[in-house]
Amino acid sequence: MTLVAEEVRIDVPVSGAPRRGVVSRVFGRLGNGFVQVLLALVAVFWLVPVFGLLIASLRDESANTASGWWTVFTKPAELTLANYAELVANHAVWQSFLNTFYIAVPATILVVVMASLASYALSWIEFPGRETLTVVVVGLLVMPIQVALIPVAKLFGAFGLFGTITGVVLFHVAFGLPFAIFLLRNFFAGIPRDLIEAARMDGATEWVIFKRVVLPVAKPAIASLTIFQFLWVWNDMLVALVFADQDSAPITVALRAQLRQFGTNIDLLATGAFLSMIVPLAVFLLFQKYFVQGVLAGSTK
Amino acid sequence: MTPKKWGLSTSVDAAPGRSPRQAIPFLLPALLVLAALVLYPLVFSLIRSFFDATGDEFVGVRNYVDTFTDPRTLTAFRNNVIWVVVAPAAVTGLGLIFAVLTERIRWATAFRLVLFMPMAISLFASGIIFRLVYEEAPNQGVVNAVLVGVHDMFSPSSQYPGARPREGYTATEAGFAANKPVRAGDTVMLPLIGFNPQQVPAQALPASTPQAGDGELRGLVWLDVSAGGDAGKVDVIERGLPGIAVEAVRDGQVVARTTTGDDGRFTFPDLAVGEVTVRLPRSNFELPFRGQTWLGPGLITPVIISSWIWIMTGFAITFIAAGLSAIPRDALEAARVDGATEWQVFRRVTIPLLSPVLLVVFVTLVINVLKIFELVFVIAPGSVQSEANVLALQMWQVSFGTGGDQGAGSALAVILFLLVAPAMLFNIRRFRRERS
C-alpha cells in the first residue's frame, strides 16, 4: 500500500553485499553455513510441488496411475510429450486456452487506458469532489467481487452479455480499475509539478500534457500495472465460472470438469494446469521486477 | 512520493481555459464502468438480500437469520475463523523470519524469486499442484509416499497382507489362533487363502506334507489356491509360503516361536509335554501402511491452508524485506553502542520500527484469506467440500451452484462485504494520513 511502485523491488532490499546484520550476530556461532543450508532446503521445498506437477504432465496416464512422478529418476524413459499433444488436439481445451487470451488481453488494455485517463484527472486537474472520488477509489480496493456477481449477472442477462467473452472482460475491467487508478494516481501525482506547469505555460491542452508529458514518464508504473492486471485476469477462475459459458470459458473453467476423478485424470489435469501456467511463468520470469512491484502495490486487492 | 500540494493548485486553475469540465472526458469511461458494475451492484445486493429466492417477496432479515442457522454456512464461518486466526499470522511470521535470514545470503534475490513464483500462477493451478501433493495413494501423492517410506523403514510392512487361514482358526488381537490344540508329534496343516499367488516370493518351493516327527510339532503353511485343486489339500501346483511367523501358545503364553522355510514348513523341536495352540501372529498379514487421508474431512482445512502458505510467503518476504531495508542503520547502531544484545536490538528496535509494515502485510493477508475460493474449490474433493467450506465458496454455491437462491446468496455477499469493510476503512485512513 504505502510502498509505491518504484520504491519496491525484489532485488533492492538487500543493500549491497550481505551485511553482518541481526542474524549473523544472533546466529553468530552457528555461522553462515547453517542459514545457507536452511534457506536452500526451503527453496527446494518450495520447488518440489511444481516440479512434481511438471513431471506428472510428462508421463502418460498408465504411468501416473501406476507410480508417482518421483520414479522418473529411475525410469526417465517414461517421459513423453503425448499429453500435451493430446490436449492441444482437444478442440475444447485449445479453444479455452485461446479464450484466456481473448479475455486477458482486452481486459488489460481497457484497464490501463481507462485508469491512465482517470488517474490523470485525479492528480492534475482540479475539480470539485476530487478528494472524495479518490477516497472512494481507495475504498473500492478491497471490494469483494461477490457483492457484484448476482446483480451483474442480471444486468448482463438483460443486455445479452451473459455467457460472452465481452461480459467476462467488462467485469474484470470494473474490478481491475480501483487498483489500477490507485497505482497510477500515486505515480502520476509524484511527477514534478514543474514539468506539468511548463507544458501548461506553453499552452498545451490537458490531452497533450497527458500524452506527451505524463505517459512517457509513467512507463514503469504502466508496465507494472499491465503485467499485474494481465496475470490477474489470466489466473481468474471465479469470474469466468459465473459469467462465461462453455464456448467462452477460459482454461481454468474448462478444466474444472475433470476434477471429479482426480486420481485417474492426473495426466490431463497436470498437463492442463501446466499449460495454463506457462504464460504466467514466462511473464513472471521475463518481467519479474515489474510484476513484483505491481503485486506489492496492489496487495490489498 | 505522495503529493503535498493539494492546497496550492489555484495557480493552475488561473490559467486560461482551465476548468473542472476538462476532467470529464478523462474520468467518464472509468466512472461509468465503476458505477454500473461495482457501485450499483453493491446497492442492488444490499436490497436483494432482503428478498426471497425469486426476488418478488420482501422477507426482511430472514435471509440473514437463515444464513446464521444453516449448518453449512456455520461450517463455512468456522473455517473462515480458523483461516483468519492461523494463516495470516503464520505467513507474516515466516515472512519475517525469511526476510531477516535472506539478509545474510548472497543469493537472496534468487531465493525470493523462487518463493515469489507461486504468486504468478493461478490459484487453480496451485490447487491442482497441492491436490497431487496430498493425493492419498502413496504411489501418487508425494507426502504419503514419504510417510510410508519413513514408516516402512522403522516397521517393515508384512509379507502377506490380507491372507488368512481357510478354516479352523479364529482371528484374535494377536493373530489367527487355532481352534483345536495340538501336541508334539502332531502335524499341522495350515492352508492360507485370500492372497494373490503371483505375489508369493520367488524363492517359495512346492508344498508337501511333512512327515510326523517324534517329539516335534511339525507343520506346513501353504497357499491353497482352490482353482484346479482341492480345497484344504496340498496340490501339485501349490507352493509353501516362506517367512511366516508361527507361535506355539500355552495358557496364553507364547512358549515357542519359529518361521516357515522356503517350502512353507515349520518345526517346533522341543515343546514340553502338553497341548499347545498354534497361532499365526497378526504381523504376517498386516495391511501395508498407506499414509494419511489428507483430503478427508478431518485434515482438509489444514491442508488447504498449507497450500495458501506456500503461495503467500514469498509476498510477505518481499514486502517485509523492503521494510527492513528502509530501517535507518543509525537506530540499530545507536542501540548497539548502548550495549544492547542483538536479540534486544531485534526485539526492541527492529520489530517496532517494522511494525507498520507488518501490520499492512497482516491486513492484506486477512483480506486475501476472507476471499479464499479457488483453493477450496479445487483441493477439496466433492465429498468433503462441505467440510472445507468457506464463505466465498458458500456464496457461489448458494447463488449459482446447487442452491440457486440469490436472496440468500446476496445476504452472504453483504456479510462478506461487512467483514472486509474494516480493512476498507484501514486503507482509507492510511491513505489520508500519508497525504497529510
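Overview of results
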{"item": "Solvent-accessible heavy-atom area per residue, rounded to whole Å², over region B:276-404 at 1.4 Å", "result": "36 Å²"}
{"item": "Rounded to 5, percent antiparallel among DSSP beta bridges of region B:188-328", "result": "75 percent"}
{"item": "Highest to lowest packing among A:116-122, B:372-378, B:206-212, B:92-98, scored as the average C-beta count within 10 Å", "result": "A:116-122, B:372-378, B:92-98, B:206-212"}
{"item": "Residues A:V88 and A:S62, FRET efficiency given R0 of 30 Å [Cβ-Cβ distance, rounded to 0.05]", "result": "0.90"}
{"item": "Protection proxy ranking of B:325-331, B:408-414 - average other beta-carbon atoms within 10 Å, highest first", "result": "B:408-414, B:325-331"}
{"item": "Inter-chain Cβ neighbour average for residues A:266-279, partner chain, 10 Å", "result": "4"}
{"item": "Pairwise label distance in nanometres, B:L74 with A:T205, each label 7 Å out on the Cα-Cβ vector", "result": "6.5 nm"}
{"item": "Gaussian network model of chain B, Cα within-10 Å springs - most flexible of B:M189, B:M312, B:M395", "result": "B:M189"}
{"item": "Region B:164-284 - percent relative contact order, Cα under 8 Å, separation 6 or more", "result": "30 percent"}
{"item": "Too-long pairs where the Cα-Cα distance tops 29 Å, listed order kept, from A:K211/A:K289; A:K154/B:K371; B:K180/B:K233; A:K154/A:K211", "result": "A:K154/A:K211"}
{"item": "Chain B: relative contact order in percent, alpha carbon pairs under 8 Å with at least 6 residues between", "result": "24 percent"}
{"item": "Exercise: per-residue mean of other protein chain Cβ atoms within 10 Å, A:120-132", "result": "5"}
{"item": "Theoretical gain in end-to-end length, B:L205 to B:R432 [0.36 nm per residue, Cα-Cα removed]", "result": "73.1 nm"}
{"item": "Cut-off under 5 Å, modelled amide H: who pairs with B:R239 long-range", "result": "B:A207, B:L223"}
{"item": "In Hz, Karplus ³J(HN,Hα) per residue of region B:420-436 (6.51, -1.76, 1.60; θ = phi - 60°; x = Gly, Pro)", "result": "7, 3, x, 5, 4, 5, 4, 4, 5, 5, 4, 4, 5, 5, 4, 7, 8"}
{"item": "Length added when fully stretched, B:I24-B:V337, from 0.36 nm per residue minus Cα-Cα", "result": "106.8 nm"}
{"item": "For B:V255, distant residues with modelled amide H under 5 Å away", "result": "B:A248, B:V249, B:R250"}
{"item": "For chain B, built as a Gaussian network whose Cα springs stay under 10 Å, the top-fluctuating residue of B:F289, B:F362, B:F266", "result": "B:F266"}
{"item": "Note, ³J(HN,Hα) from phi for region A:81-97, Karplus 6.51, -1.76, 1.60, rounded to Hz, x at Gly and Pro", "result": "9, 4, 4, 5, 4, 5, 5, 5, 6, 6, 4, 4, 5, 5, 4, 5, 5"}
{"item": "Under 17 Å from A:K219, Cα to Cα: aspartates and glutamates that are on another chain or at least 8 residues apart", "result": "A:E6, A:E7"}
{"item": "Net length gained if the chain between B:V84 and B:I193 were fully extended (0.36 nm per residue, minus Cα distance)", "result": "33.9 nm"}
{"item": "The protein assembly as shown: calculated mean residue ellipticity at 222 nm from DSSP helix runs of at least 4, using -39500 (n - 2.57)", "result": "-17500 deg cm²/dmol"}
{"item": "Percent RCO, i.e. relative contact order, over chain A, from Cα pairs under 8 Å lying at least 6 residues apart", "result": "35 percent"}
{"item": "Peptide ranges A:170-181, B:129-140, A:76-87 listed from the most packed, as the mean C-beta count within 10 angstrom indicates", "result": "A:170-181, B:129-140, A:76-87"}
{"item": "Kirkwood Rh and Cα Rg combined as Rg/Rh, chain A", "result": "1.05"}
{"item": "A:Q36 versus B:E173: modelled label distance in nm, points set 7 Å from Cα along the beta carbon direction", "result": "5.5 nm"}
{"item": "Percent accessible area from carbon and sulfur atoms, the protein assembly as shown, protein chains only, probe 1.4 Å", "result": "63 percent"}
{"item": "Averaged over A:201-208, number of beta-carbon atoms from partner chains that fall within 10 Å", "result": "2"}
{"item": "Interface area, A with B, accessible, probe 1.4 Å, both sides summed, Å² nearest 100", "result": "11300 Å²"}
{"item": "A:A257-B:R183 pseudo-label distance in nm [points 7 Å out on the Cα-to-Cβ vector]", "result": "7.4 nm"}
{"item": "Top of A:Q36, A:Q288, A:Q261 by mean-square fluctuation, Gaussian network on chain A, Cα under 10 Å", "result": "A:Q36"}
{"item": "Region B:204-311: GluC sites (Glu not before Pro) falling in loop per DSSP and having at most 10 other Cβ within 10 Å", "result": "none"}
{"item": "Vicinal HN-Hα couplings computed from phi for region B:252-262 (Karplus, 6.51 cos²θ - 1.76 cosθ + 1.60; Hz; Gly/Pro x)", "result": "x, 10, 6, 9, 8, 9, 8, 9, 6, x, 4"}
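The values are calculated or read from the model by the stated rules, or taken from the named source; none is laboratory data. All of these numbers come straight from a predicted model, not from anything done at the bench. Backbone-built Cβ (ideal geometry, glycine too); neighbour counts: all protein chains shown. For the accessible areas, the whole protein counts, side chains as well, though only heavy atoms, and no ligand, DNA or RNA atoms are used. Shrake-Rupley method; radii C 1.70, N 1.55, O 1.52, S 1.80 Å.
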